[in-house]
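Please read the structure below before turning to the comments.
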Amino acid sequence: MDVVGIVTEYNPFHNGHLYQVNEVKKRFPDAVIIVVMSGNFLERGEPAILDKWTRAREAILNGVNLVVELPVAFCVQPADFFAFGALRILKELGVQKLVFGAENEEYNFAEMAEITKRVHGNFSTYNESYAKAYQRAITEKTGVDVSKPNNLLGLAYARANLKLGSFLELVPIQRRAAAHHDQQLPITSRIASASAIRDAALNRQESVANYVPYLTAVDLQQGKTLSWVDFWPLLKYQILTSNVQELREIYGMTEGLEFRIKDKLERMGPAVTFNDWISEVKSKRFTYTHMTRIATMILLQAKNEDIEEVEQKPYIRILGFDIKGQNHLNSVKKKLLFPVVSRVSQKVAANLLKLDYRAGLVYSQFSGQRQDFGRSPFQQ
């Protein structure tokens with residue numbers, strides 16, 4: 001039996017994701033589909049529009065067999081860190097194939113990873129971001145433009161796979177209809193970008209139902225949808241009441257950024273919005289996404305030791321499964337080196353899941369739903 005992995009955010013689960021799941025079933029009819037999904041905070045430094053339990057349930061009811069959470073220490077990270085954290089979990093779970101969307105499915109991502117395994121880019125210049133320097137270095141080495149988001153992530157998966165012993169067969173699937181960052185809902189297609197769907201959902205547009213499965217549409221209409229607008233008062237309070245030394249200890253804070261973050265906010269006045277503040281603090285060197293990741297780390301009070309602890313003591317957090325997924329989990333459990341968490345005790349919250357537990361507490365203040373104690377994996 002094939003064991004197929006998908007790394008995703010499902011923010012929210014939409015028709016493009018359903019197409020991908022169905023394509024996996026078409027290509028690998030008997031496969032167990034295992035998803036590693038970001039929790040309540042995401043790769044680009046944003047809170048999830050719906051909580052992780054809701055999104056895991058949507059995935060299981062739309063054909064996924066097992067959903068596990070990618071720890072927040074790996075979620076809110078650049079592509080290489082994000083990919084490595086996810087693939088390490090998939091390897092532990094016995095996954096053999098990785099399916100991912102790509103703007104160019106014809107690219108040989110494994111070969112590109114081999115060619116670029118020692119490429120890190122020249123970051124001594126301050127007139128461009130880490131991401132742009134990295135993409136330029138990759139293009140110079142391979143002759144292939146990997147600037148499109150899914151291609152770049154596909155290469156990150158391939159590089160992580162190489163680092164982990166090339167245990168996966170990489171299976172890119174051509175991305176259909178919508179580009180990753182499209183801001184408009186299309187008229188001629190029922191597949192839209194997650195960005196456009198989120199904007200429509202947050203503005204309570206009924207048309208969003210055309211681009212998501214029925215269950216997601218109901219959740220978006222009836223559930224609590226969240227964005228940085230909700231979390232901004234808490235983040236603003238933390239920045240204003242922290243001194244520079246305290247901000248300096250936040251993970252990812254470099255090159256005096258703590259001074260810029262605090263100074264800009266204090267000068268902008270009480271009516272400033274999250275986007276106003278980000279627009280002021282970002283630069284060519286520190287992009288919008290870099291700053292939203294920093295903002296998330298401040299919000300969660302994540303320090304270097306919090307991230308290192310998760311890297312050194314990995315675990316598998318179960319969010320949902322069906323019978324097929326449960327059977328696979330039972331078949332590999334005795335071989336697992338990582339602890340498996342399906343219910344959170346006080347001891348687990350205080351030790352193994354310390355940062356994720358904190359993230360859950362923060363998220364729950366705005367979602368109104370517990371994220372850890374009293375929550376069990378969704379079962380179909």
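Quick query: amide H of K303 versus all other amide H atoms, modeled in the peptide plane; which residues come in under 5 Å with a sequence gap of 5 or more or a different chain?
When sequence neighbours closer than 5 places are left aside, the close amide H contacts are Y251.
Once Cα extents along the principal axes in Å is worked out from the coordinates, which option in (1) 58, 49, 38; (2) 68, 49, 44; (3) 59, 50, 48 does it equal?
Given (1) 58, 49, 38; (2) 68, 49, 44; (3) 59, 50, 48, the calculated one carries the label (3).
Rank these residues by their accessible area, most exposed first, probe 1.4 Å: L164, L319. Display every interim value, and only then the final one.
On the way: L164 25, L319 0 Å².
In descending accessible area the options line up as L164, L319.
Where in the range 198-270 are there GluC sites (Glu not before Pro) that are in a DSSP coil and have at most 10 other Cβ atoms within 10 angstrom of their Cβ?
E255
Filter the trypsin sites (Lys or Arg not before Pro) in the range 244-351 to those in DSSP coil with at most 14 other Cβ atoms within 10 Å of their Cβ, and list the result. Each step should come with its number before you reach the end.
Numbers: sites: R248, R260, K262, K264, R267, K282, K284, R285, R293, K303, R317, K324, K333, K334, K335, R343, K347; in loops: K282, K284, R285, R343.
Sparse-neighbourhood loop trypsin sites (Lys or Arg not before Pro): K284, R343.
Work out from phi, with θ = phi - 60° and the Karplus expression 6.51 cos²θ - 1.76 cosθ + 1.60, the ³J(HN,Hα) of each residue of the range 350-365, listed in order in whole Hz, and give x for Gly and Pro.
Whole-Hz 3J(HN,Hα) from phi for the range 350-365: 7, 10, 4, 9, 3, 6, 5, 5, 4, 4, x, 4, 5, 4, 5, 5.
Can you bin the range 295-372 into rounded, prolate or oblate? Criterion: square roots of the alpha carbon gyration tensor eigenvalues sorted a ≥ b ≥ c, rounded for a/c under 1.5, prolate for a/b above b/c, oblate for the rest. Don't skip to the answer; put the middle values down first.
Details: a/c = 2.53, a/b = 1.50, b/c = 1.69.
Cα axes put the range 295-372 in the oblate bin.
Kindly provide the chymotrypsin sites (Phe, Trp or Tyr not before Pro) of the range 1-32 that DSSP labels as loop, not H, G, I, E or B, and whose Cβ sees at most 16 other Cβ atoms within 10 Å. If you can, show how the numbers build up before the last one.
Details: sites: Y10, F13, Y19; in loops: Y10, F13.
Sites meeting the loop and neighbour criteria: none at all.
Could you go through the range 276-284 in sequence order and give the Karplus-derived ³J(HN,Hα) for each residue, using 6.51 cos²θ - 1.76 cosθ + 1.60 with θ = phi - 60°, rounded to whole Hz, and x for Gly and Pro?
4, 5, 4, 4, 7, 8, 6, 7, 4
Over 23 Å between C-alpha atoms is what I'm after, so list which of K224/K313; K52/K334; K313/K354 land there.
Over 23 Å apart, Cα to Cα: K224/K313; K52/K334.
N330 versus Q174, label points 7 Å from Cα toward the beta carbon: distance in nm?
Here the answer is 4.1 nm between the modelled labels.
Taking 7 Å along the Cα-to-C-beta vector as the label spot, tell me the S283-S342 distance in nanometres, rounded to one decimal.
Simple spin-label model gives 5.1 nm for this pair.
Can you work out the Karplus-derived ³J(HN,Hα) for every residue in the range 136-153? Use 6.51 cos²θ - 1.76 cosθ + 1.60 with θ = phi - 60°, whole Hz, and x for glycine or proline.
After applying 6.51 cos²θ - 1.76 cosθ + 1.60, I find 5, 5, 5, 4, 4, 7, 9, x, 10, 7, 10, 6, 5, x, 6, 5, 4, 5 Hz.
Heavy atoms of the protein only, probe of 1.4 Å, neighbouring chains included. What is the accessible area of T139 in Å², nearest 10?
We get 50 Å² for T139.
Is it possible to state the helix-based mean residue ellipticity at 222 nm for the chain, with each DSSP H run of 4+ residues giving -39500 (n - 2.57), the sum divided by total residues, to the nearest 500 deg cm²/dmol? What is it? Walk me through the numbers before you get to the answer.
On the way: 18 runs with 183 residues, N = 380.
Calculated mean residue ellipticity at 222 nm is -14000 deg cm²/dmol.
For a test of the definition: using alpha carbon positions, the gyration tensor, and the 1.5 limit on a/c, classify the range 182-323 as rounded, prolate or oblate.
Working: a/c = 2.34, a/b = 1.47, b/c = 1.59.
It comes out oblate by the Cα gyration axes.
Less than 17 Å apart at the alpha-carbon level, and either on another chain or at least 8 residues along: which aspartates and glutamates does that give for K141?
E111, E114
Just how far, in whole angstrom, is the range 87-112 from the range 278-297 if you go by their alpha carbon centroids?
The range 278-297 and the range 87-112 have Cα centres spaced 29 Å from each other.
Let me check I've understood the local charge: for V36, count other residues with C-beta under 11 angstrom from its C-beta, Lys and Arg +1, Asp and Glu -1. What total comes out? It would help to have the intermediate numbers written out before the result.
Numbers: positive: R88, K91, R317; negative: E9, E69, E92.
Summing Lys/Arg as +1 and Asp/Glu as -1 gives 0.
Taking a virtual spin label 7 Å from the Cα of E140 along the C-beta vector, which residues in the range 92-119 bring their backbone nitrogen under 20 Å of it?
So the set is 112-119.
Describe numerically, in nm with one decimal, the distance between label points set 7 Å from Cα along Cα→Cβ at D276 and at D30.
Inter-label distance under the simple model: 6.1 nm.
The values are calculated or read from the model by the stated rules, or taken from the named source; none is laboratory data. Note that this is a predicted model, so its numbers are computed, not measured. Ideal geometry is used to build each Cβ from the backbone, glycine not excepted, and the neighbour counts take in all protein chains shown. Just the protein is used for accessible areas: all its heavy atoms, side chains included, with ligands, DNA and RNA removed. Shrake-Rupley method; radii C 1.70, N 1.55, O 1.52, S 1.80 Å.
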